[in-house]
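Below you'll find the structure, written out as structure tokens, and then a few comments.
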Amino acid sequence: MFNKTLLATAVMLVMTPTAQAKTFKVGLGDPIDSDQGAYAQRFEELVESLSDGEMQVELFPGGQLGTETGMIQDARIGKLDFAMAGIGNLTPYAPRLGALTMPYVLLSHADAVKATTGPLADEWNQIAEKEAGVHILGWHYSNFRYLTNSKRPVTSLEDLEGLKIRVPQNKIMLATYEAWGANPISMSWPEVFTGLQQGVIDGQDNPDIVNYTMKFQEVQQYLTEIHSQYSLQPIMMGMRSYKKLSDEEREIIDRAGLEAQLYGLQFQLTEAAEARAAMEAEGMQSAQLTDEDKWISIAKEEVWPQFYDEIGGKESFDRLQKALGH
């Protein structure tokens with residue numbers, strides 16, 4: 001009898017911490033060695049540390065849990081705890097967030113930070129909660145989406161003409177490339193490398209670290225610096241799941257999201273140049289635009305007016321511009 005009681009007590013002592021701990025899954029579109037992965041790993045460390053191990057985080061990078069759009073949907077309905085995805089993949093659920101994907105609205109790292117902190121961050125979160133049913137915990141800054149392609153160097157609008165360019169499921173980004181004379185194709189993220197490899201698409205656009213960790217230099221020869229789209233990648237939790245957490249748990253994940261946001265920016269600023277250098281060492285050729293003023297003019301005159309109503313009206317967009325000091 002004594003032995004049975006002792007054994008039962010030992011089992012309870014071993015199992016108690018595990019039974020008490022909550023495990024949360026985070027779905028990522030990018031590989032674990034990407035800047036998105038760096039943010040997620042920092043988020044994991046913070047959540048587990050701040051909760052004294054009572055909240056555990058499991059990361060599923062590289063689209064293991066589906067496309068970014070699919071993971072957002074799973075988070076919305078409570079099937080997935082956290083999803084981290086490009087802002088362009090959230091806009092189908094919350095069109096007003098499309099203001100952040102308007103071409104040439106964010107012109108620098110400083111603009112990106114200003115647009116996603118303080119009162120503006122609160123405003124975007126209210127929109128996300130109301131329209132998409134997700135709560136944004138933090139934002140990752142992935143830098144500008146630079147164009148890559150396998151056909152030719154692109155240094156002017158004429159060079160872009162007719163190229164098949166992959167874009168996310170975002171109407172503003174589709175319209176922008178159309179206005180510039182390209183042939184944009186919406187394609188889910190896990191299919192992009194194969195699409196490039198097989199020639200279904202000629203190119204795509206993403207920041208340097210993403211391009212490098214996705215190994216696009218293996219199937220793309222040319223890179224062009226375009227400064228129209230700053231890639232923001234929020235980490236989000238469905239409101240259904242968020243409301244079920246205790247006040248203390250919500251405070252922990254919100255704090256972890258914000259602190260990881262600061263870490264992610266630092267990671268981006270220090271690692272992007274190395275990613276570019278590594279791609280160039282493998283043969284990718286980098287170029288600058290000689291006529292970006294034309295790209296900007298087309299974006300502002302032809303693309304912006306198409307989407308004012310969808311993103312909350314021109315007056316709202318003008319307030320964002322003013323807040324950014326433009």
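The values are calculated or read from the model by the stated rules, or taken from the named source; none is laboratory data. Just so you know, these numbers come straight off a predicted model, no measurement behind them. Here the Cβ positions follow ideal geometry from the backbone for every residue, glycine too, while neighbour counts run over all protein chains shown.
Can you confirm whether K130 is in the same structural domain as F216 (by TED's automatic domain parsing), over 21 Å from T270 (Cα atoms) and basic (K, R)?
no
For E271, all conditions in the list (1) touching a residue at least 60 places away in the same chain (Cβ under 8 Å); (2) more than 28 Å from T194 (Cβ to Cβ); (3) of a type outside the set (K, R) hold save one; what is the number of the exception?
(2)
Looking at S246, is it buried (at least 18 other Cβ atoms within 10 Å of the Cβ) and among the hydroxyl-bearing types (S, T, Y)?
Here the answer is no, as S246 does not meet what is asked.
What are the residues in the range 76-89 that are surrounded by 19 or more Cβ atoms within 10 Å (Cβ to Cβ), part of a loop (DSSP other than H, G, I, E, B) and at pLDDT 95 or above, if any?
If the condition is that a residue be surrounded by 19 or more Cβ atoms within 10 Å (Cβ to Cβ), part of a loop (DSSP other than H, G, I, E, B) and at pLDDT 95 or above, then L80, D81 are the ones that fit.
Might you let me know whether the range 56-69 holds any residue that is part of a helix (DSSP H, G or I), assigned by TED's automatic domain parsing to the domain that holds G238 and at pLDDT 90 or above?
Among the residues of the range 56-69, at least one is part of a helix (DSSP H, G or I), assigned by TED's automatic domain parsing to the domain that holds G238 and at pLDDT 90 or above, which makes the answer yes.
Taking interchain pairs and intrachain pairs at least six residues apart, which have beta carbon atoms under 7 angstrom, with the first residue in the range 166-179 and without any contact (Cβ under 8 Å) to a residue 24 or more places away in the chain and the second β-branched (V, I, T)?
L174/V167; Y177/I165; Y177/V167
Per-residue answers, yes or no, for (1) at pLDDT below 95; (2) under 23 Å from G312 (Cβ atoms); (3) touching a strand residue (DSSP E or B) at 6+ places or on another chain (Cβ under 7 Å); (4) among the aromatic types (F, W, Y):
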| residue | (1), (2), (3), (4) |
| --- | --- |
| K130 | no, yes, no, no |
| W139 | no, yes, yes, yes |
| S150 | no, no, yes, no |
| E158 | no, no, no, no |
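Which one is surrounded by the fewest Cβ atoms within 10 Å (Cβ to Cβ) among residues in the range 31-75 that are among the hydrophobic types (A, V, I, L, M, F, W, C) and touching a Pro at 6+ places or on another chain (Cβ under 8 Å)?
Among residues in the range 31-75 that are among the hydrophobic types (A, V, I, L, M, F, W, C) and touching a Pro at 6+ places or on another chain (Cβ under 8 Å), the one surrounded by the fewest Cβ atoms within 10 Å (Cβ to Cβ) is I32.
How many residues does the range 66-100 hold that are over 22 Å from N143 (Cβ atoms) and among the small types (G, A, S)?
Total satisfying the criteria: 5.
Any residue that is of a type outside the set (V, I, T) and out of contact with any helix residue (DSSP H, G or I) (no Cβ under 9 Å at 6 or more places or on another chain) - is there at least one of those in the range 91-103?
Taking every residue of the range 91-103 in turn, none turns out to be of a type outside the set (V, I, T) and out of contact with any helix residue (DSSP H, G or I) (no Cβ under 9 Å at 6 or more places or on another chain).
I'd like the residue in the range 108-131 that is crowded, with 17+ Cβ neighbours inside 10 Å and polar (S, T, N, Q) and, out of all such residues, is nearest to Y230 (Cα to Cα).
Residue satisfying both the conditions and the ranking: T116.
Tell me, which residue of the range 175-205 that is under 17 Å from the mean Cα position of the chain (by Cα) and aliphatic (A, V, I, L, M) is surrounded by the most Cβ atoms within 10 Å (Cβ to Cβ)?
M187
Report, by residue number, each residue of the range 215-256 that is of a type outside the set (A, V, I, L, M, F, W, C), assigned to a helix (DSSP H, G or I) and farther than 30 Å from E292 by Cβ.
Selection gives R240, S241, Y242, K243, K244, D247, E248, E249, R250, E251, D254, R255.
Hey, does the range 206-224 have a residue that's among the acidic types (D, E), crowded, with 23+ Cβ neighbours inside 10 Å, in contact (Cβ under 8 Å) with a residue 40 or more places away in the chain and not assigned by TED's automatic domain parsing to the domain that holds M71?
Yes, because at least one residue in the range 206-224 is among the acidic types (D, E), crowded, with 23+ Cβ neighbours inside 10 Å, in contact (Cβ under 8 Å) with a residue 40 or more places away in the chain and not assigned by TED's automatic domain parsing to the domain that holds M71.
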